[in-house]
Amino acid sequence: MFLNRKNEEQIDIDIDVLSNRKSNMMKKVAISLLLISSLTVNMAFANEGKKSTLKEIYHIYSNGQYVGSLSDKKEIQDIIERKEKASSNQYVDLSITAGSNISIVPEQVFTASTNDEETLKKLDKIIEVEATAFALSVNDEMAVYVKDLKAYQEAIRKLKLHFVTEEELNVLEARKSSIESLPQLKEDETRIADVILKERVTGVTVDVNPEKIISPDDAVKLLLDGTLEQEKYKVMAGDVLGSIASKHNLSIAELLKINPGIDETTVLQIGKELNVTVLKPIINVEVQYEKKTIEVMKHNKTVEAAPDMFKGDTKVKQEGSDGKKVATYLVRKENGVQVGESLITETILVQPKDSIILKGTKVIPSRGSGSFAWPAEGGYISSQMGYRWGRKHEGIDIARPSGFTIKATDNGVVEAAGWDGTYGQRVIVDHQNGYKTTYAHLSSISVKVGETVPQGSKLGVMGNTGRATGTHLHFEVEKNGVTINPLSVLK
């Protein structure tokens, strides 16, 4: 029992201690809450005071480069609106924007220090005006800018119309949109097959300086010429074609080509304007045509050797005749100049028939080949065959040779050799093939009657015997008993 009472007393004491501790803790908590509340109120008052002292300024950048700062960003908007309005009045049909190259970064500061006037002056110069346009790209490089997609399509169409007619282009476009197969070409008919831009051409919407936007007509000129204006040069004293070409990195041939009215013999006039711009198209246009024609197939002429026929004789073995075919071609023209023609199909209507000629190869020294060599050592024809001094001149006269040897003009047999009145010393050769030749006015004779003479052998020496006014050879040719002009057989 004693122990129980003691325990009960111990429990009472512990409860009192706990009660006191709990009371002290509550007091501490209350004090802590009071301090926190006081601190929060004080901080709130402090922040309120800070807000009342901060100011906002605006830092301006152009394409990443710092321009300056402003105290009021409305000033920037005013400049942008003014520039947009001015450009809209100038470029009525374009959608204008300005200031895309400007970025604004705000900052909170205690002390605002800006130079608005200087910054605004800079901004007025550097704010860029742009218009929404349609860019025509050639091989992934921007070439020209037009107003919109419609203008782009118009430029492409006009580019093609520079090399084909509107009717041809309309027919081609209608054909491409049709699922019907093409009819066969008629004989001697040509039709357009395609119009091809040789470079890769695409279009895309972009924002660009409105000054760069041009009309479809100017776009076509730029694409075809490589420039909107050709440079001209005024001729000055001392200029020659070579010096002008050199000044502009041209060859004389290039300079003449771009100035059709002059050539290398032209006397240049001071002050005359010459074109010194070689056009270099940005886009090359190829037009393809299909062409169907009826063509003559020329027959071949062949010669066959005939060893059983005398040399100089010929005979027709087979008469030749031309053939006929129908051919279809693809014709290609680049920038208006034909650059190729390839065969697509052909049908032979009539086969050509070769002409075959037999030509004798059998050679007998006393028989001529029918090929006449020049009978003198050079010289010139001093008198033609025909009428002179009231009588007919039956041959030609050859004078002023380099040597005086007279030669047989072809194989043959000497028929006559000696004096013959006005002919003086003369030789007649029978070529055993229907031809005879006469050599007159010789100073001496080197052959005798009946002698066989090959072509080129010596008959005598040129002179002026008989009726002659000077040293020369009188030469005649007779065929089947009829005198002919020697020039019709001499080589």
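The values are calculated or read from the model by the stated rules, or taken from the named source; none is laboratory data. No experiment lies behind these values; they were computed from the predicted model shown. Glycine also receives a Cβ, built like all others from the backbone with ideal geometry; neighbour counts cover every protein chain displayed.
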Quiz prompt | Residue match in the range 41-50 (condition: assigned to a helix (DSSP H, G or I), out of contact with any strand residue (DSSP E or B) (no Cβ under 6 Å at 6 or more places or on another chain), modelled with pLDDT of 50 or more and surrounded by 10 or more Cβ atoms within 10 Å (Cβ to Cβ)) | solution = no
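Suppose the filter is in contact with a Leu (Cβ under 6 Å, 6 or more places away or on another chain) and under 26 Å from H162 (Cβ atoms); does I283 pass it?
Yes.
Residue-by-condition table, conditions (1) in the same structural domain as K198 (by TED's automatic domain parsing); (2) touching a residue at least 24 places away in the same chain (Cβ under 8 Å); (3) part of a loop (DSSP other than H, G, I, E, B); (4) in contact with a Cys (Cβ under 7 Å, 6 or more places away or on another chain):
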{"residue": "D217", "(1), (2), (3), (4)": "yes, yes, no, no"}
{"residue": "K221", "(1), (2), (3), (4)": "yes, no, no, no"}
{"residue": "G238", "(1), (2), (3), (4)": "no, no, yes, no"}
{"residue": "G242", "(1), (2), (3), (4)": "no, no, no, no"}
{"residue": "L250", "(1), (2), (3), (4)": "no, yes, yes, no"}
{"residue": "A253", "(1), (2), (3), (4)": "no, no, no, no"}
{"residue": "L256", "(1), (2), (3), (4)": "no, no, no, no"}
{"residue": "P260", "(1), (2), (3), (4)": "no, no, yes, no"}
{"residue": "D263", "(1), (2), (3), (4)": "no, no, yes, no"}
Self-check item: Set S71, S113, S100: member being more than 24 Å from I213 (Cα to Cα) and either exposed (fewer than 14 other Cβ atoms within 10 Å of the Cβ) or hydrophobic (A, V, I, L, M, F, W, C) (or both)
Solution: S113
Quiz item: Looking at (1) exposed (fewer than 14 other Cβ atoms within 10 Å of the Cβ); (2) assigned by TED's automatic domain parsing to the domain that holds N335, can you tell me which one K292 breaks?
Solution: (1)
Quiz item: Before we move on, is V267 within 17 Å of T227 (Cβ to Cβ) and not polar (S, T, N, Q)?
Solution: no
Quiz item: What is the residue count in the range 310-329 for residues that are in a strand (DSSP E or B) and either of a type outside the set (F, W, Y) or farther than 23 Å from E187 by Cα (or both)?
Solution: 13
Exercise. Identify all residues within the range 457-491 that are over 20 Å from D313 (Cα atoms) and small (G, A, S); write none if there are none.
Key: S457, G460, G463, G466, A468, G470
Quiz item: Only one of (1) of a type in the set (D, E, K, R); (2) surrounded by 13 or more Cβ atoms within 10 Å (Cβ to Cβ); (3) under 30 Å from I348 (Cα atoms) fails for E187. Which number is that?
Solution: (2)
Self-check item: Segments classed as strands (runs of 3 or more DSSP E), wholly inside the range 330-408, with at least 1 members that are surrounded by 12 or more Cβ atoms within 10 Å (Cβ to Cβ) and in contact (Cβ under 8 Å) with a residue 40 or more places away in the chain
Solution: 337-350, 355-362, 380-383, 396-399, 405-407
Quiz prompt | Sole exception among (1) aliphatic (A, V, I, L, M); (2) farther than 30 Å from K280 by Cα; (3) surrounded by 14 or more Cβ atoms within 10 Å (Cβ to Cβ) for V105, by number | solution = (3)
Quiz item: When A155 is evaluated against the numbered criteria (1) exposed (fewer than 12 other Cβ atoms within 10 Å of the Cβ); (2) aliphatic (A, V, I, L, M); (3) not in a strand (DSSP E or B), which criterion, by number, is the only one it fails?
Solution: (1)
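Can you name every residue in the range 72-130 that is in contact with a His (Cβ under 8 Å, 6 or more places away or on another chain) and of a type outside the set (A, V, I, L, M)? Even if it seems obvious, please write down each step before you answer.
Kept after step one, since they are in contact with a His (Cβ under 8 Å, 6 or more places away or on another chain), are these residues of the range 72-130: 104-107.
Answer for the range 72-130, where residues must be in contact with a His (Cβ under 8 Å, 6 or more places away or on another chain) and of a type outside the set (A, V, I, L, M): P106, E107.
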Quiz item: Checking L250 against (1) under 30 Å from E341 (Cα atoms); (2) surrounded by 14 or more Cβ atoms within 10 Å (Cβ to Cβ); (3) modelled with pLDDT under 90, which test does it fail?
Solution: (1)
Quiz prompt | Hits in the range 280-320 - residues which are more than 30 Å from T202 (Cα to Cα) and in contact with a Phe, Trp or Tyr (Cβ under 6 Å, 6 or more places away or on another chain) | solution = K291
Self-check item: Pairs with Cβ under 9 Å, 6+ apart, first in the range 443-455 and in the same structural domain as H472 (by TED's automatic domain parsing) and within 10 Å of V427 (Cα to Cα), second of a type in the set (K, R) and part of a strand (DSSP E or B)
Solution: I445/R426; S446/K458; V447/K458
Practice problem: Could you grab me the full set of residues in the range 435-459 that are surrounded by 15 or more Cβ atoms within 10 Å (Cβ to Cβ) and farther than 22 Å from S369 by Cα? | Solution: A440, H441, L442, S443, I445, S446
Quiz prompt | Residue, nearest to the chain's Cα centre (by Cα), within the range 300-335, restricted to residues that are within 28 Å of H431 (Cβ to Cβ) and acidic (D, E) | solution = E304
Quiz item: If you take the residues of the range 335-372 that are touching a Gly at 6+ places or on another chain (Cβ under 6 Å) and not basic (K, R), which of them is farthest from I192 (Cα to Cα)?
Solution: G368
